[in-house]
1. Kindly establish whether F527 is part of a helix (DSSP H, G or I), in contact with a Lys or Arg (Cβ under 9 Å, 6 or more places away or on another chain) and modelled with pLDDT of 95 or more.
2. Determine whether the range 355-373 contains at least one residue that is surrounded by fewer than 16 Cβ atoms within 10 Å (Cβ to Cβ) and touching a Lys or Arg at 6+ places or on another chain (Cβ under 6 Å).
3. What are the residue pairs meeting all of these: first residue in the range 418-430, first residue modelled with pLDDT of 90 or more, second residue assigned to a helix (DSSP H, G or I) and aromatic (F, W, Y), Cβ atoms under 7 Å, and 6 or more apart or on different chains?
4. Can you confirm whether G386 is outside any strand (DSSP E or B), touching a Gly at 6+ places or on another chain (Cβ under 6 Å), within 22 Å of V668 (Cα to Cα) and assigned by TED's automatic domain parsing to the domain that holds A428?
5. Six or more apart or on different chains, Cβ under 7 Å: which pairs go from a residue in the range 586-606 that's over 15 Å from A616 (Cβ atoms) to one that's loosely packed, with under 15 Cβ neighbours inside 10 Å and modelled with pLDDT of 90 or more? Could you list them?
6. Quick one: would you say E535 is of a type in the set (D, E) and buried (at least 19 other Cβ atoms within 10 Å of the Cβ)?
7. Considering each of A80, A67, A120 in turn, give the residue that is among the small types (G, A, S), assigned by TED's automatic domain parsing to the domain that holds A157 and either surrounded by fewer than 13 Cβ atoms within 10 Å (Cβ to Cβ) or on the phi < 0 side of the Ramachandran plot (or both).
8. Would the range 402-417 turn up any residue that is in a helix (DSSP H, G or I), at pLDDT below 90 and in the same structural domain as D328 (by TED's automatic domain parsing)?
Amino acid sequence: MLTRRPDYAQLVAADTSLSAARAAAIIDLLDAGCTLPFIARYRKEATGGAEDVVIQQVMERLESHRALHLRREAILESIAGQGKLTDELRAQVERAETKTLLEDLYLPYKPKRRTRATIAREKGLDPLADLMWSRAETSGAVRDFAQAFIGGDAGVASVDEALQGARDIVAERIVETPPWRSAIRDITWKEGLLHSRAARGKKDTPSKFSDYYDHHEPVRRVASHRVLAILRGEKEGLLSVRIAPEADRARRLLVGRVLGSRQSIWDEQIRQAAEDGYDRLLSAQIETEIRGELKRRADDEAIDVFATNLQDLLMAAPFGARPILAIDPGFRTGCKVVVLSATGQLLDHGVVHPTEPRCDVRGTERAFDAWFGQYPDLAAVVVGNGTGGRETFAVVRAYLRERGQAAAAVMVSESGASIYSASDVARAELPDHDVTVRGAVSIGRRVQDPLAELVKIDPKSIGVGQYQHDVDQKLLKQRLDDVVARCVNRVGVDVNTASPSILNYVSGLGPTLARAIAAFRDGHGTFASRAQLKEVPGLGDKTFEQAAGFLRVKGDNPLDDSAVHPERYALVNTIARDLGCDVRSLIGDRETVAAIDRRRYLSESVGEYTLDDIIAELEKPGRDPRDDFEAVEFRDDVNDIEDLVAGMILTGLVTNVTNFGAFVDVGVHQDGLVHVSQIANRYVKNPADELKVGQQVRVKVMDIDLGRKRIGLSIKDAAF
């Protein structure tokens with residue numbers, strides 16, 4: 001080891017709201033192989049009750065600090081290997097607190113491709129560059145000093161060539177001097193502009209990037225969604241983009257820093273070298289850095305938006321374990337209909353043609369009569385919101401009203417259903433049915449339990465992101481997987497009905513053990529207890545510890561169907577015995593639970609956090625943190641964008657939240673936009689603070705652009 005191991009707990013504590021002791025406890029748990037959901041739920045005494053988002057922050061900051069330490073080690077090793085590691089340089093590297101400063105320090109020693117400075121050194125001009133760099137000479141003629149370097153084996157042909165070569169070497173040194181490099185970086189951030197123009201030959205080409213054909217704004221203020229839009233336009237060859245401060249000011253700043261107040265005969269040469277270094281090297285290097293940082297920040301914000309929307313979507317209110325009839329609408333090929341049991345099993349399927357071209361409403365009603373006759377407990381008719389969805393939904397509502405059926409009419413987003421229907425997961429679940437049936441099944445199941453169904457679909461296909469194809473795909477996948485895992489473990493999973501897709505996200509499991517659990521269940525029948533999970537091949541004690549609390553089993557022990565961890569079963573048994581009852585009668589008996597003397601059961605291993613969670617679970621075991629289901633009521637007379645009139649007040653459903661506003665489905669096949677300025681009668685910085693995916697809202701139609709199929713909506717103007 002070339003450096004001492006940093007105190008990661010202190011570093012992480014400085015980045016978060018935690019004390020060093022709490023940060024150290026979380027780090028120790030993470031290093032011991034504990035998962036984030038397990039730590040957040042079952043190790044609250046150690047973490048001080050830290051929320052999962054705080055623990056996630058600790059994980060990210062810990063990873064960042066460890067990566068910085070490894071990079072510092074690699075840099076020191078590289079410089080030492082070159083024989084150039086001085087005590088002063090080592091101290092500078094060890095003190096560097098950011099990756100940018102670390103890379104600035106390493107730049108002079110970093111292996112490079114052949115440059116103009118390299119060629120000058122090969123000609124033996126380093127000594128002349130040293131003279132120029134030192135600026136020690138205050139008298140004499142610069143050209144006389146350069147004369148000594150003409151000729152020789154290197155073939156320097158003239159004084160001008162010698163001076164040019166020396167300036168090339170000095171320019172590289174200037175560019176690689178950390179304080180001067182930092183000064184140009186700072187002025188670019190503070191005063192630089194992002195310019196975008198139409199690419200050559202594209203000025204008259206209409207595109208969605210037309211607003212950026214002649215656009216500029218301060219780098220420090222550019223919004224993340226505009227960064228991604230502009231960079232996408234550049235990638236598609238429609239925009240030319242430049243990031244830079246005012247060039248003359250940047251050159252003057254650099255020259256002033258390099259020359260200082262001391263005078264020398266070399267000042268003019270230094271000035272030329274500094275200006276050349278800025279124009280030829282530094283401006284482009286800093287632009288590349290800032291582009292990268294703007295992209296990284298924009299990616300982070302876009303991924304945050306996606307993650308928030310995905311969490312809201314996954315945690316949407318479930319309709320519950322009730323049988324339903326689900327419809328994947330269509331025109332020419334008709335509407336695929338499926339009947340699902342309370343647990344989402346396919347019971348029946350068929351096709352109806354209530355819309356164009358057949359408009360067979362009577363035939364559709366007869367089919368519905370047959371299904372409701374055979375399955376009288378159908379609690380809802382679910383219609384996907386794709387092509388023909390509104391027309392089909394109108395027929396469904398009319399039928400239910402005319403027949404006096406109590407079943408709810410529900411319209412749901414079918415984003416990603418086609419992806420699911422063609423997936424390996426769908427083929428494994430419904431091997432004897434085609435993609436149309438699978439798609440309808442997915443539409444129905446996502447109403448019964450959005451979380452259980454949507455985990456089977458790549459989150460990027462669900463349609464709640466912002467520029468998701470432009471951001472760092474590895475980071476996006478990691479963050480979205482984290483969101484899915486957080487939601488799954490927050491709700492809990494019935495191990496006897498869960499698909500491998502959802503088991504995969506349970507704390508401590510992963511795809512291999514998820515498949516192993518499903519295979520064990522298929523071969524041995526349903527699990528009778530949590531303890532039986534230990535019989536699954538590959539599921540050892542550590543995995544059981546991490547996973548058991550999030551897996552539910554309806555069996556002999558009622559605690560197996562709760563969020564009480566098996567490590568606390570003995571405590572609950574003691575509490576029940578002390579109260580003179582058994583565990584089964586204790587669970588759900590709020591009066592008896594309220595009589596528990598909490599102080600009696602506190603110990604070194606069981607603190608107030610743990611005891612509070614246990615008592616809350618005894619009061620309401622297996623409680624679902626999601627809201628109660630509520631169907632959206634769209635207006636019957638509004639089915640298409642042509643039906644909209646400015647001033648209309650409508651009920652809608654938020655389908656996507658972005659940095660610049662929210663998209664709302666008002667039942668016309670085209671979502672409308674509520675710009676951030678139209679959300680509330682006050683300043684709204686972040687739309688996600690006010691709205692979430694799946695939320696019902698009242699909106700006022702402000703404007704309709706039929707040509708571009710754009711709808712402008714307002715929430716603040718729709719208030720009562």
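1. Numbers: part of a helix (DSSP H, G or I): no; in contact with a Lys or Arg (Cβ under 9 Å, 6 or more places away or on another chain): yes; modelled with pLDDT of 95 or more: yes.
It is false that F527 is part of a helix (DSSP H, G or I), in contact with a Lys or Arg (Cβ under 9 Å, 6 or more places away or on another chain) and modelled with pLDDT of 95 or more.
2. No, the range 355-373 contains no residue that is surrounded by fewer than 16 Cβ atoms within 10 Å (Cβ to Cβ) and touching a Lys or Arg at 6+ places or on another chain (Cβ under 6 Å).
3. Listed pairs, sorted by first residue: A426/Y420.
4. no
5. L602/E608
6. no
7. Working: A80 fails: assigned by TED's automatic domain parsing to the domain that holds A157; A67 fails: assigned by TED's automatic domain parsing to the domain that holds A157.
Residue meeting the stated conditions: A120.
8. Looking only at the range 402-417, we keep the residues that are in a helix (DSSP H, G or I), and these are 402-403, 417.
Now narrow it down to the ones that are at pLDDT below 90: 417.
Applying the additional criterion that residues be in the same structural domain as D328 (by TED's automatic domain parsing) yields 417.
Scanning the range 402-417, I find at least one residue that is in a helix (DSSP H, G or I), at pLDDT below 90 and in the same structural domain as D328 (by TED's automatic domain parsing), so the answer is yes.
The values are calculated or read from the model by the stated rules, or taken from the named source; none is laboratory data. Note that this is a predicted model, so its numbers are computed, not measured. Positions of Cβ are backbone-derived with ideal geometry, glycine not excepted, and every protein chain shown enters the neighbour counts.
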